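Quick note: the coordinates plus some simple rules give every number you see, no bench work behind them. Note that the coordinates shown come from a computational prediction; the quantities given were computed from them, not determined experimentally. Reconstructed Cβ throughout: ideal geometry from the backbone, glycine too, with neighbour counts over all protein chains shown.
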Amino acid sequence: AKDDQDKQVYIVYMGALPARVDYMPMSHHTSLLQEVIGESSIENRLVRSYKRSFNGFAARLTESEREILANMEDVVSVFPSKKLKLQ
Amino acid sequence: TTMSWDFMGLKEGKRAKRNPSIESNTIIGVIDSGIYPESESFSDKGFGPPPKKWKGVCEGGTNFSCNNKLIGARSYTPKTNEFPHSARDNMGHGTHTASTAAGNAVKDVSFYGLGNGTARGGVPAARIAVYKVCEAGFEGCTGDGILSAYDDAIADNVDLITISIGGDTGQPFEVDPTAIGAFHAMAKGILTLNSAGNSGPESSTVSSIAPWIFTVAASNTNRGFVTKVVLGDGKTVGRSVNSFDLKGTKYPLVYGESATRSCDADSARFCSPGCLDSKLVKGKIVLCDSAEHPDEAQAMGAIASITKSSKADFATIFSFSVSVLSEDDYNTVLSYMNSTKNPKAAVLKSGTTFKQTAPVIASYSSRGPNTIIPDILKPDITAPGSEILAAYSPDAPPSKSDTRHVKYSLLTGTSMSCPHVAGVAAYLKTFHPRWSPSMIQSAIMTTAWPMNASASPINEMDEFAYGAGHVDPISAIHPGLVYEANKSDHIAFLCGLNYTGKNLKLISGDSVSCTKEQTKSLPRNLNYPSMTAQVSATKPFKVAFRRTVTNVGMSNSTYKAKVVGTKLKAKVVPGVLSFKSLHEKKSFTVTVSGKGPGAEKLVSTHLIWSDGFHSVRSPIVVYAS
């Protein structure tokens, strides 16, 4: 339970989709996440993938995992997924 | 919408010039709380199959069907026990905004007889694709869900995106999902319309601040709902949408402050939850100092409630008879009650009045200046946002504690003004299908009706309240000249803001680097249809704006510059632009000078380029914070 409390949903933004035809965003997102959390199972961690118009994903991360991801070359920015309101 | 489109001059059916075949190929992406697919506003009677360019899907979930009008649906809300996972609208908001932008024309709709007319969208023949990111009972709409909605909407090939969602204040681009999503949309030729926010009339409250987003403020138009309160000794007028008819019967008045046995006077006078005593309010009209909790009075058996609000310039629906009064009117009722032995009053059913001063900016509409990019004017434009009657979801109550179910209801907010401009942008695109997002935005801004801040007693914010003015759909078709800004212009703009390397990639998505020239470029020189500069409050200033216009009027034309207003000294060089062909571009510089405007003051004027047929108007705003 404490582990879950430590985590929050972050948006991991990776900019434009690479033009390479063999690029598979989902598998890239998965491998990045696996590398950071140090586990092969990303169940309950990967919230969503952005893969059609731009590149990135949303994941449940701890603060230290966020920092590691933010320093990765392929990652442009990592920021908390805030709640917004209907106006 | 039973009145708003007429108010703006976009008449119903054949009374407005339209391009039906192109309109039918237009797809509006609505990022919101879902949609009520069974609404008559989204019936596909008369519609052919979806446009060939459509690449989306109908993944509305349980008991949700699309049709040839509502061609796509996706949902990004978290799974809850309360509602089945679906694109169905459990809040009413998404149904309302979608129908305002592109709903069918549906005759004889009203809210219990109030506001009767034809409800319709700006482009009734257009298609709708829904991206649900907000769910009832779930507090807010998540940033990660909103970014997913952009990811899909852009790839699905929508023509424009309307999103009436935001935060309380502006956020840096790099942590704003709407700014990131809208940048990618703009790069693909898709214009994003976003509501300015409802945190007015305080300054610096506009939450949508990126120049690649078209930010919409809200106006009150010429139809106002009023709920009369008849006192024993006379009459006053209040605001609300009261569909309940008490037949003019007068009931005893009681003040919330004296109708409690459990709360202190300060809590009770607001009718705060748990304060009112049913024995003291039953069968009476309860006066509450706030319009937040009149349903507390209802729950305790009150017949009606009279409340006050500092924002009494628009009407709200309540679950029983309520009239919301201005401070002065409310005090009149209070002093009547305190000076009379057996005070009584009647709260009448609402009626409508014609407001000659319209349009005026709504009190709640968020104001500039732009807290993140001081030299970009936000909001950009104003459209009707108050008391808008449009399609609603019967699955959502029309107000708090309400047990009624309606298919059309009234809502107020910049959420409502945003889809009006989305409808206008789509309408404009049917005449100019190849125009870029910036051309559409420019055409709407430079043809806007001038607005006068002084018409509203609680607004002295001028362009920070209404931007370029009030949207004028018909004039926008023929702007004459447009200010264009494409992806590379926006990248140069970001370079000028010191976005480099990784940070620049953050916004643009591309691995680009800034040239020396780009790094030196000033944000105020982005080719934007408005011109804004933040200067020192006390020192004399002289600032220049460089702009380029594209001729989209007549091939052979000559435009002369005119600066309207005397508050700023302005010089335009060259003062005459001669065009030999369509799409020809000409550049000019506007230099404004004067003494410091004073702290938290703005001075403004307008640049108008005119060829005798077209009038291309841009606000010039200089301010000090």
Longest principal axis of chain B (C-alpha) makes with the long axis of helix B:414-431 (C-alpha) an angle, in degrees to the nearest 10, of 40 degrees
With n ≥ 4 as the cut-off for DSSP H runs, can you work out [θ] at 222 nm for chain B, using -39500 (n - 2.57) per run divided by the number of residues, rounded to the nearest 500? -5500 deg cm²/dmol
Could you tell me the calculated FRET efficiency between B:LYS14 and B:ASP108, based on Cβ-Cβ distance and R0 = 22 angstrom, to the nearest 0.05? 0.70
Solitary cysteines of chain B, where the nearest other Cys Cβ is not under 4.7 Å: B:CYS418
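Sort B:TYR131, B:TYR336, B:TYR528 by Cβ crowding within 10 Å, fewest neighbours at the top. Before the final figure, lay out each step's value.
Values: B:TYR131 30, B:TYR336 18, B:TYR528 25.
Ranking B:TYR131, B:TYR336, B:TYR528 by Cβ neighbours within 10 Å, fewest first, gives B:TYR336, B:TYR528, B:TYR131.
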Let me make sure I get this right: for chain A, a, b and c are the square roots of the gyration tensor eigenvalues over alpha carbons, sorted descending. Under 1.5 in a/c it's rounded, otherwise prolate if a/b > b/c, else oblate. Which is it? oblate
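Using Cβ contacts closer than 10 Å as the measure, can you line up B:THR26, B:THR353, B:THR403, B:THR169 from fewest to most?
Details: B:THR26 23, B:THR353 11, B:THR403 7, B:THR169 15.
So the residues, fewest neighbours to most, are B:THR403, B:THR353, B:THR169, B:THR26.
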Cross-link partners among aspartates and glutamates for B:LYS586, C-alpha distance below 15 Å, same-chain residues fewer than 8 apart left out? B:GLU484, B:ASP611
Go through region B:64-149 and name the trypsin sites (Lys or Arg not before Pro) that are in a DSSP coil and have 16 or fewer other Cβ atoms within 10 Å of their Cβ. B:LYS79
Any lysines with Cα under 30 Å of the B:LYS284 Cα? List them, leaving off those in the same chain fewer than 8 positions away. B:LYS228, B:LYS235, B:LYS247, B:LYS250, B:LYS308, B:LYS311, B:LYS341, B:LYS344, B:LYS349, B:LYS400
Starting from the Cα gyration tensor of region B:334-377, take the square roots of the eigenvalues, sort them a ≥ b ≥ c, and report rounded, prolate or oblate (rounded when a/c is under 1.5, otherwise prolate if a/b is larger than b/c, else oblate). prolate
Under 5 Å, built H, 5+ apart or other chain: amide partners of B:ASP176: none
Name the residues whose placed amide hydrogens come within less than 5 Å of the amide hydrogen of B:LYS569, ignoring near sequence neighbours (fewer than 5 apart) on the same chain. B:SER593
Taking each residue of A:6-17 in turn, how many C-beta atoms of other protein chains fall within 10 Å of its C-beta, and what is the average? 4
List the residues whose amide H sits under 5 Å from the amide H of B:CYS58, counting only those 5 or more places along or on another chain, with H placed 1.01 Å from N in the peptide plane. B:ALA73
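Could you work out, residue by residue across B:160-171, how many beta carbons of other chains sit within 10 Å of that residue's beta carbon, and then give the average as an integer?
Numbers: counts 0, 0, 0, 2, 3, 4, 4, 5, 2, 0, 0, 3.
Whole-number average of other-chain Cβ neighbours for B:160-171 is 2.
Fewest Cβ neighbours within 10 Å first, please rank A:ASP22, B:ASP328, B:ASP32, B:ASP277 accordingly. Before the final figure, lay out each step's value.
Details: A:ASP22 5, B:ASP328 10, B:ASP32 29, B:ASP277 15.
Taking fewest neighbouring Cβ atoms as first place, the list is A:ASP22, B:ASP328, B:ASP277, B:ASP32.
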Inter-chain Cβ neighbour average for residues B:172-182, partner chain, 10 Å: 3
If you take the square roots of the eigenvalues of the alpha-carbon gyration tensor of region A:37-84 and sort them as a ≥ b ≥ c, do you get rounded (a/c under 1.5), prolate (a/b over b/c) or oblate? rounded
So which lysines can B:LYS539 reach, going by Cα to Cα under 27 Å and dropping same-chain residues fewer than 8 places off? B:LYS378, B:LYS520, B:LYS562, B:LYS567, B:LYS569, B:LYS571, B:LYS595, B:LYS601
Descending packing, highest mean Cβ count within 10 Å first, for B:291-299, B:550-558 is B:291-299, B:550-558
Relative to the longest principal Cα axis of chain B, at what angle does helix B:177-187 sit, 0 to 90 degrees, rounded to 10? 40 degrees
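Which chymotrypsin sites (Phe, Trp or Tyr not before Pro) in region B:529-625 pass both tests, a DSSP loop state and at most 12 other beta-carbon atoms within 10 Å?
Numbers: sites: B:PHE541, B:PHE545, B:TYR559, B:PHE579, B:PHE588, B:TRP609, B:PHE613, B:TYR623; in loops: B:PHE613.
The qualifying sites are B:PHE613.
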